[in-house]
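The block underneath contains the structure these notes are about, expressed in structure tokens.
The values are calculated or read from the model by the stated rules, or taken from the named source; none is laboratory data. Quick caveat, the model's predicted, so the values are computed rather than measured. Here the Cβ positions follow ideal geometry from the backbone for every residue, glycine too, while neighbour counts run over all protein chains shown. Keep in mind that these areas ignore ligands, DNA and RNA; they rest on the heavy atoms of the full protein, side chains included. Shrake-Rupley method; radii C 1.70, N 1.55, O 1.52, S 1.80 Å.
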Amino acid sequence: MRFKADLTLLLVSIIWGSAFVAQRVAGQMGSVYLFNAARYLLAALVVLPLALRVGRASSPTGQVANLTYLSRVQFKWMFIAGFLLFMGSALQQVGLVHTTAGNAGFITGLYVVLVPIVLFLGWRERLHWLSVVAVGLAAGGAFLLSTGGRFEVRAGDALELVGALFWTFHVIVLGKYASKFEAMSFSVGQLVVCGLLNLGVGAFVESVPAFEWSLVGAVVYTALFSLGLCYTLQIWAQRHTPPADAALILSLESVFAVLSGWLLLEERLAALQVLGCVLIFAAVLLSQFKEWTSGKMDETHLVEGR
């Protein structure tokens, strides 16, 4: 069962990494907000039946829970989480217009390193010395990846870095506040909020893109597989494998983003950029070391919402 769970998590990492290629394709077609709106709202529809099933199982009468079952506090935090998800996804997608899928994958993954730093600064939580070392490695890696050693930061990479900060706050909100509520209904709620915010902005700043099968494929792939399928698979797999396995395998997402960009989009990295990827990957692994040895996995990643 552990081996099957590890293989499942490997599949999740591959899909998450390759999803950056689909987002890159959509970005090159000039679609940002409307693309995000379509994929997040479709993902909400995909997750909704599972949420209704969970609600029915948890209901004393066996009936499907309606909206009145959700508290006002849950609605508040669903909106906050959805807004942070909107900001992170919008910056990520705009950044992908100007950078590669591989760069976006590695820089987005920096949120794992930033979480303990933000918790220390904002919530005065104890900061492990490994987190400080990880930040140093990540900063050096991000510089090499984005600039190739030259003092010139690309606009797309800068947007991805700002987006990583919003992903950081999103994970913190999920861990500190959203974990108090039923996960599936909360996930649907934040996906709907994110989708509607993208739709609202897109209606004003974007024109409806011309119909292209590649754009439709990007929407379907990211919604059904990256968000819908991977969410469900991750829930199952993390119940049947140790935290060390899960943390290591899921951190391979950024590696698969680079490989997918190389195989499907013919993206290339210079030697110094490869070194930057190695440093960022090492930083992510180092930041997860304490969790690996704790004997438990951070369940908030289950509703991260990509």
Next on the checklist: Going by what's in this entry, would Glu160 be described as surrounded by fewer than 17 Cβ atoms within 10 Å (Cβ to Cβ) and not aromatic (Phe, Trp, Tyr)?
Outcome noted: no
Checklist entry - Is it the case that the range 30-48 has a residue that's among the polar types (S, T, N, Q) and either exposed (fewer than 13 other Cβ atoms within 10 Å of the Cβ) or at pLDDT below 85 (or both)? => result no
Next on the checklist: Conditions first: (1) of a type in the set (A, V, I, L, M, F, W, C); (2) modelled with pLDDT under 85; (3) outside any helix (DSSP H, G or I). Met184 passes all but one, so which condition is the exception?
Outcome noted: (3)
Item to check | Selected residue [free of Cβ contacts under 8 Å to residues at least 24 places away in the same chain and either open to solvent by less than 50 Å² (accessible area, probe 1.4 Å) or of a type in the set (Val, Ile, Thr) (or both)] from Thr100, Thr147, Thr168 | outcome: Thr147
Item to check | Single match in Leu215, Leu224 (criterion: open to solvent by 40 Å² or more (accessible area, probe 1.4 Å) and out of contact with any Leu (no Cβ under 6 Å at 6 or more places or on another chain)) | outcome: Leu224
Item to check | Residues of the range 175-212 satisfying the condition of being surrounded by fewer than 16 Cβ atoms within 10 Å (Cβ to Cβ) and β-branched (Val, Ile, Thr) | outcome: Val205, Val208
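So which residues in the range 5-26 are more than 17 Å from Ser226 (Cα to Cα) and either crowded, with 23+ Cβ neighbours inside 10 Å or of a type outside the set (D, E, K, R) (or both)?
Within the range 5-26, Ala5 is the sole residue that qualifies.
Residues to consider are Ser287, Ser226; find the one that is closer than 25 Å to Leu127 by Cβ, modelled with pLDDT of 75 or more and polar (S, T, N, Q).
Numbers: Ser226 fails: closer than 25 Å to Leu127 by Cβ.
Residue meeting the stated conditions: Ser287.
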Checklist entry - Before we move on, is Val135 under 30 Å from Arg53 (Cβ atoms) and either open to solvent by 40 Å² or more (accessible area, probe 1.4 Å) or out of contact with any Lys or Arg (no Cβ under 6 Å at 6 or more places or on another chain) (or both)? => result no
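Do you know which residues across the range 270-282 are among the small types (Gly, Ala, Ser), in contact (Cβ under 8 Å) with a residue 12 or more places away in the chain, open to solvent by 50 Å² or more (accessible area, probe 1.4 Å) and assigned to a helix (DSSP H, G or I)?
First, pick out the residues of the range 270-282 that are among the small types (Gly, Ala, Ser): 270-271, 276, 282.
From the residues that got through so far, the ones that are in contact (Cβ under 8 Å) with a residue 12 or more places away in the chain too are 270, 276, 282.
Then drop every residue that is not open to solvent by 50 Å² or more (accessible area, probe 1.4 Å), which leaves 270.
Answer for the range 270-282, where residues must be among the small types (Gly, Ala, Ser), in contact (Cβ under 8 Å) with a residue 12 or more places away in the chain, open to solvent by 50 Å² or more (accessible area, probe 1.4 Å) and assigned to a helix (DSSP H, G or I): there is none.
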Checklist entry - Quick one: how many residues across the range 227-269 are within 15 Å of the chain's Cα centre (by Cα), farther than 30 Å from Val54 by Cβ and open to solvent by 40 Å² or more (accessible area, probe 1.4 Å)? => result 1
Checklist entry - Can you pull out the residues in the range 203-230 that are part of a loop (DSSP other than H, G, I, E, B) and either under 30 Å from Leu285 (Cβ atoms) or of a type in the set (Asp, Glu) (or both)? => result Glu206, Glu212
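One line per residue, one yes/no per condition, for (1) at pLDDT below 90; (2) farther than 21 Å from Leu286 by Cα; (3) in contact with a Pro (Cβ under 6 Å, 6 or more places away or on another chain); (4) not aliphatic (A, V, I, L, M):
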| position | (1), (2), (3), (4) |
| --- | --- |
| Asn103 | no, no, no, yes |
| Leu110 | no, no, no, no |
| Ala139 | no, no, no, no |
| Glu152 | yes, yes, no, yes |
| Leu159 | no, yes, no, no |
| Val171 | yes, no, no, no |
| Gly175 | yes, no, no, yes |
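Look at Leu233 and say whether it is under 16 Å from Gly88 (Cβ atoms), in a helix (DSSP H, G or I) and either of a type outside the set (Phe, Trp, Tyr) or in contact (Cβ under 8 Å) with a residue 60 or more places away in the chain (or both).
Working: under 16 Å from Gly88 (Cβ atoms): no; in a helix (DSSP H, G or I): yes; either of a type outside the set (Phe, Trp, Tyr) or in contact (Cβ under 8 Å) with a residue 60 or more places away in the chain (or both): yes.
Judged against the criteria, Leu233 is not a match.
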Checklist entry - Got at least one residue in the range 108-125 being buried (at least 24 other Cβ atoms within 10 Å of the Cβ), among the small types (Gly, Ala, Ser) and part of a helix (DSSP H, G or I)? => result no
